[in-house]
Amino acid sequence: MTTSTFVAGRGFLYIFDARAKLFTVLLLCVMVFLPIRQTGLWTLVAASFLSAWYATDFKQALQPIKTILFVLVIMILFTPLTYRDGEVLVRLGQFPLATKEALVNLNILVARFLGITYICTLYMWTTPMADINLALRWYGLSYHAALVLTLAFRFVPYIADSFRMIQDSHALRNATVSDGERTGRHRLADLMPTVTAALVVALKSIPHLAMSLEHRGLGRETKRTSYRRLVAKGGLFTHLLLSVMIPTVFWLVFNTL
């Protein structure tokens with residue numbers, strides 16, 4: 001319950017109101033599936049990456065790519081095999097490995113995936129979890145639904161941090177064994193105790209989660225109030241106007257209609 005995805009940093013994104021920022025995120029995530037040029041998709045990816053770099057630092061900005069690297073590799077390996085029609089660009093004997101249509105579709109899929117990942121990650125990094133809860137409730141989501149969503153956002157990094165600490169503890173226990181002596185079979189066998197320990201940690205957190213939910217008033221029949229208030233510097237209307245203008249200008253510049 002105390003784990004948060006918020007990363008302290010600098011820049012306009014930290015000043016932008018959480019409600020307007022959430023609306024911008026939704027518009028941009030929808031826009032990447034509209035007919036826009038590939039240069040527009042990659043411009044959005046580059047702008048998101050540079051925003052993350054400026055807001056935090058270069059190492060932190062690379063974290064989303066490291067997180068989804070396995071999925072990207074799977075996409076690069078298998079997407080060309082799903083598009084067999086069109087001009088063949090890469091051939092292995094008589095077997096066409098990649099066609100022009102396959103590479104075009106792969107380029108679009110990777111750009112969309114990276115764009116959505118960085119857009120949503122930036123929102124989580126630059127917005128405190130309490131403000132996300134208030135923003136969801138401002139849009140009409142019930143307190144219970146908003147609490148479940150924010151709990152999910154907290155639970156994922158909590159499990160990831162626990163899994164990483166368990167891996168480090170197992171690595172210290174096996175420090176006397178050199179990497180050259182450890183085969184792939186040994187590494188796979190070491191994964192089972194790590195997964196089991198992570199499952200135990202998750203199960204042991206259930207009582208703490210229940211107490212936290214009770215502390216937050218879950219299950220009470222009385223209407224839940226909020227101590228905190230979202231205050232937009234310069235006025236909420238200005239922030240909402242900017243949240244609409246940014247995707248609109250991007251669409252007008254890069255649309256293919």
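The values are calculated or read from the model by the stated rules, or taken from the named source; none is laboratory data. Small disclaimer: the values here were computed from a predicted structure and weren't measured. Glycine gets a Cβ as well: all are built from the backbone with ideal geometry, and neighbour counts include every protein chain shown. Remember, those area values only see protein heavy atoms, side chains included, never the ligands or the DNA or RNA. Shrake-Rupley method; radii C 1.70, N 1.55, O 1.52, S 1.80 Å.
To keep it simple, each residue is scored yes or no on (1) surrounded by 12 or more Cβ atoms within 10 Å (Cβ to Cβ); (2) modelled with pLDDT under 95; (3) of a type in the set (Gly, Ala, Ser).
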{"position": "21", "(1), (2), (3)": "yes, no, no"}
{"position": "37", "(1), (2), (3)": "yes, yes, no"}
{"position": "59", "(1), (2), (3)": "no, yes, no"}
{"position": "72", "(1), (2), (3)": "yes, yes, no"}
{"position": "79", "(1), (2), (3)": "yes, yes, no"}
{"position": "91", "(1), (2), (3)": "no, yes, no"}
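Filter the stretch 5-56 down to residues that are touching a Pro at 6+ places or on another chain (Cβ under 6 Å) and in a helix (DSSP H, G or I) and give me whichever is nearest to residue 238 (Cα to Cα).
Pass one, the stretch 5-56, residues touching a Pro at 6+ places or on another chain (Cβ under 6 Å): 5-6, 27-28, 31.
Filter once more, keeping what is in a helix (DSSP H, G or I): 27-28, 31.
Numbers: 27: 17, 28: 18, 31: 22 Å.
Among them, the one singled out is 27.
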Looking for something among the basic types (Lys, Arg), open to solvent by 70 Å² or more (accessible area, probe 1.4 Å) and not in a loop (DSSP other than H, G, I, E, B) - is there at least one such residue anywhere in the stretch 202-215? yes
I need a count of the residues in the stretch 68-111 that are in contact (Cβ under 8 Å) with a residue 40 or more places away in the chain and over 22 Å from residue 37 (Cα atoms). 2
Where the second residue is part of a helix (DSSP H, G or I) and aromatic (Phe, Trp, Tyr) and the first is more than 16 Å from residue 8 (Cα to Cα) and without any contact (Cβ under 8 Å) to a residue 60 or more places away in the chain and lies in the stretch 41-59, which pairs have Cβ atoms under 9 Å and are six or more apart or on separate chains? 47/118; 47/250
